[in-house]
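Data first, discussion second: the structure below is written as structure tokens.
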Amino acid sequence: MGIPVKLPAFEGPLDLLLHLIESNKIDIYDIPIVTITDQYMEYIQAMEKKDLNIMSEFLVMAATLLEIKAKMLLPAEVNEEGEEIDPRADLVERLLEYKLYKFMAAQLKARRNQAGQSFYREADIPKEVASYIEPVDMEKLIGDLTLAKLDAVFRDVLRRSVDKIDPVRSGFGEIEMEEVSLEDRISYVEETLKKEPRTSFRKLLEGKKRRGKMQVIVTFLAVLELMKTGKLTVKQEETFGEIYIEWEKTPAGEGNDKAVPAAGAGETEEQGA
Amino acid sequence: MEEKRTEAAIRAAVEAILFAAGGSVEAARLASALELDPGEMEDILRRMELRYEEEDRGIRLVELENSWQLCTKTEHYEELIRVVKQPRKYILTEVLLETLSIVAYKQPVTKLEIEKIRGVKSDHAVNKLVEYGLIEEVGRLDAPGRPILFGTTEDFLRSFGISSVEELPKASPEQIEDFKEEAEEELGQKGAGQKEMGQAPEKDSDEA
Amino acid sequence: MEEKRTEAAIRAAVEAILFAAGGSVEAARLASALELDPGEMEDILRRMELRYEEEDRGIRLVELENSWQLCTKTEHYEELIRVVKQPRKYILTEVLLETLSIVAYKQPVTKLEIEKIRGVKSDHAVNKLVEYGLIEEVGRLDAPGRPILFGTTEDFLRSFGISSVEELPKASPEQIEDFKEEAEEELGQKGAGQKEMGQAPEKDSDEA
């Protein structure tokens, strides 16, 4: 059989083989392997070799065909039951499976045409529903907040507020250079997180009498540094919200701990707090 | 297309068309699509309108200037809300709690005052608290720009079982003075009292 | 909310919800919104399904893997397209259909398995099907490289009018046997189907 001048394109080697089998009117269970292999080779030789990726797939099949052809010449192998093994068996299975899916694809196509006659709807939520805002459940919101707790929070706020103001006032005329070392802050943050693996940035600053700007900045840098090395993760749920810090327990962290002695200068005394 | 359709089949077709169309469809357009004369179409639509009012229908047929449309019955909005709206979760974060305590104890208070105490911008916290119905505008300060004065809501007070702001323990000016003194003392001692001071505030940080 | 709702009222609510939602809504979600237990909800949905089949309804209730949705009956397609524009459908080439059918019948399946069956690289086809929303990643195979497992999407069910993947005939060994017989019969007719077979693959050569 000659190859047509205008070569049809095939999806792949299996597709081509099925085509050859069908156009030769061959029984798929008894493929004349010599004829089919020759035709297959003829076809791929005529193929445009523009796409190596596609070509290689056709070539793999060519090798398989040649292998089968060779095995056909040898005495047949037998299986445990003493039956002769047809070297073509695997190929036949593959071809049948492939054909099965082609057949199913055709069925799907028909179903799609049918299903395409059903129309769906875009969501159309009435304005009143879309703009509905759930009322606040005050009880749930308040939760276990008590007046006593609120009072404590307020006192704490005031205290910190005073703390913030005073150093400035008292600092008039004698502006102190605040020495904050990044290294110390890193070890402070590490120590704190080891004791309390989940905390907030705010909490890291607590216990510090003088929350100078430099203190805040350097602590923040320390957090960034530790984040970069993967020792902690940082989460902020909303803009201006609480910054939550979580210690990542990595074995790598331990080696580093030794590098930074726990009992450092200045800030480290807070570890006791 | 069929020889003689039943009215039921026509009604079904109208339903299908209006369902898929989403918006409204002119009666004339329906009539021509279904090969009916306008009068007949109109009669059928009127009859359909009534049928949709039956108890087991969740949609209704409405006419809008010679156009017809299907829409959800308002009776079912409540159930619809439960399906489409995610229940909101509100939490009083530390920031909110802090801001709330300032409003509670210093009310009426302006946002500027809150910010002065907290040392940071507080628009977000104030807005959230208003949204949650914990605080509200209680007036305006007689000052340039007439800034809003915030106070706690009645709902807020009720939830603590108190009837008026008066019942809140006020942080008096003297108290604030106390704090200042305390702070100055500590500064003098430079870190002596640190341990005690360090403990107190930390306790609340996990309340968020 | 109500003391005792009639089933008609529940049916109405379901209709309202599904009409407004447009897309599919999980049965469990409906049940919780309507404060029904799942079994009861299911029963009602099944009864509704039947009621929608009545002659004067143009829409039907369809199930898509435990979710429910309203859509127009195919019977009204002719009348429908005279008024409503057909949503644009992407073209599914033979290659895509073939790949899709492998995913549909063998899911969850890796790209490698698809390629083994098809005998060709299938990145392009798989990517396109993912892009069209017909298949999606459904997990990872517990094997070296943790390859992606693909499965079909709800949109696949919708596009092909299938309620559940279970509904698809599984490609079982018996079925393959059946198919072999069919193939043998075909051989008996010698080349009857040849023309179609020869043409089909040519169309999508660009997909390979």
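The values are calculated or read from the model by the stated rules, or taken from the named source; none is laboratory data. The structure presented is a predicted model; accordingly, all values stated were derived computationally and were not measured. Neighbour counts run over all protein chains shown; Cβ positions are idealised from the backbone, glycine included.
Observations
- Of the residues making up the stretch A:94-112, none is within 44 Å of the chain's Cα centre (by Cα), more than 29 Å from C:SER164 (Cα to Cα), surrounded by fewer than 21 Cβ atoms within 10 Å (Cβ to Cβ) and in the same structural domain as A:ASP30 (by TED's automatic domain parsing).
- Meets criteria (outside any helix (DSSP H, G or I) and under 22 Å from A:LYS99 (Cα atoms)) for A:TYR29: yes
- Scanning the stretch A:113-122 turns up at least one residue that is crowded, with 16+ Cβ neighbours inside 10 Å, among the polar types (S, T, N, Q) and modelled with pLDDT of 85 or more.
- The stretch B:11-27 residues that are on the phi > 0 side of the Ramachandran plot, paired with ones that are part of a loop (DSSP other than H, G, I, E, B) (beta carbon under 7 Å, 6 or more apart): B:GLY22/A:ARG121; B:GLY22/A:GLU122; B:GLY22/A:ASP124
For (1) crowded, with 18+ Cβ neighbours inside 10 Å; (2) aliphatic (A, V, I, L, M), each residue gets a yes or a no:
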residue	(1), (2)
C:LEU50	no, yes
C:GLU55	no, no
C:GLY58	yes, no
C:THR72	yes, no
C:VAL84	yes, yes
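- Positions within the stretch B:63-85 being among the aliphatic types (A, V, I, L, M) and in contact (Cβ under 8 Å) with a residue 12 or more places away in the chain, in sequence order: B:LEU64, B:LEU70
- Test for B:ILE44: is it touching a residue at least 24 places away in the same chain (Cβ under 8 Å) and buried (at least 18 other Cβ atoms within 10 Å of the Cβ): yes
- Residues of the stretch B:54-70 that are touching a strand residue (DSSP E or B) at 6+ places or on another chain (Cβ under 7 Å) and more than 8 Å from chain C (Cβ to nearest Cβ): B:ARG60, B:LEU61, B:VAL62, B:ASN66, B:SER67, B:TRP68, B:GLN69.
- Selection of the stretch C:28-41 for residues being in contact with a Pro (Cβ under 7 Å, 6 or more places away or on another chain) and without any contact (Cβ under 8 Å) to a residue 12 or more places away in the chain yields only C:ALA31.
- On the stretch given as the stretch B:90-137, residues that are in contact with a strand residue (DSSP E or B) (Cβ under 6 Å, 6 or more places away or on another chain), within 7 Å of chain A (Cβ to nearest Cβ) and either surrounded by fewer than 21 Cβ atoms within 10 Å (Cβ to Cβ) or among the polar types (S, T, N, Q) (or both) total 0.
- Scan of the stretch A:113-152 for residues that are part of a helix (DSSP H, G or I), at the interface with another protein chain (Cβ under 7 Å from one of its Cβ atoms), more than 22 Å from B:SER101 (Cα to Cα) and not charged (D, E, K, R), ordered by number: A:GLN114, A:ALA115, A:VAL129
- Checking each residue in the stretch C:32-59 for being acidic (Asp, Glu) and in a helix (DSSP H, G or I) picks out C:GLU40, C:GLU42, C:ASP43, C:GLU49.
- Checked against (1) within 14 Å of chain C (Cβ to nearest Cβ); (2) buried (at least 17 other Cβ atoms within 10 Å of the Cβ); (3) not in a helix (DSSP H, G or I), B:GLU79 meets all criteria but (3).
- When residues of the stretch A:79-107 are limited to those that are within 12 Å of chain C (Cβ to nearest Cβ) and of a type in the set (Gly, Ala, Ser), the one nearest to C:ILE114 (Cα to Cα): A:ALA105
- Looking across the stretch C:86-132, the residues that are under 11 Å from C:GLY151 (Cα atoms) and without any contact (Cβ under 8 Å) to a residue 24 or more places away in the chain come down to C:SER101, C:ILE102, C:VAL130.
- Of the residues making up the stretch B:63-71, one or more are under 27 Å from C:ALA27 (Cβ atoms) and not polar (S, T, N, Q).
- Test result for B:ARG29, farther than 28 Å from A:SER200 by Cα, in a helix (DSSP H, G or I) and outside the structural domain of B:VAL165 (by TED's automatic domain parsing): yes
- Which numbered condition A:ILE54 misses (of (1) surrounded by 11 or more Cβ atoms within 10 Å (Cβ to Cβ); (2) more than 9 Å from chain C (Cβ to nearest Cβ); (3) of a type in the set (A, V, I, L, M, F, W, C)): (2)
- Within the stretch B:134-149, residues that are assigned by TED's automatic domain parsing to the domain that holds B:LYS111 have Cβ atoms under 8 Å from residues that are of a type in the set (Phe, Trp, Tyr) and not in a loop (DSSP other than H, G, I, E, B) in these pairs: B:LEU134/B:PHE156; B:ILE135/B:PHE150; B:ILE135/B:PHE156; B:GLU136/B:PHE150; B:GLU137/B:PHE150; B:VAL138/B:PHE150, counting only partners at least 6 apart in sequence or on another chain.
- Among the candidates B:ILE81, B:ILE59, B:ILE91, residue that is within 30 Å of B:GLU7 (Cα to Cα) and aliphatic (A, V, I, L, M): B:ILE59
- Helices (runs of 4 or more DSSP H) lying entirely in the stretch B:106-169 (those with 2 or more residues that are more than 25 Å from A:GLU238 (Cβ to Cβ)): B:154-159
- Being touching a residue at least 24 places away in the same chain (Cβ under 8 Å) and out of contact with any Lys or Arg (no Cβ under 9 Å at 6 or more places or on another chain) holds for only one residue in A:PHE58, A:PHE103, and it is A:PHE58.
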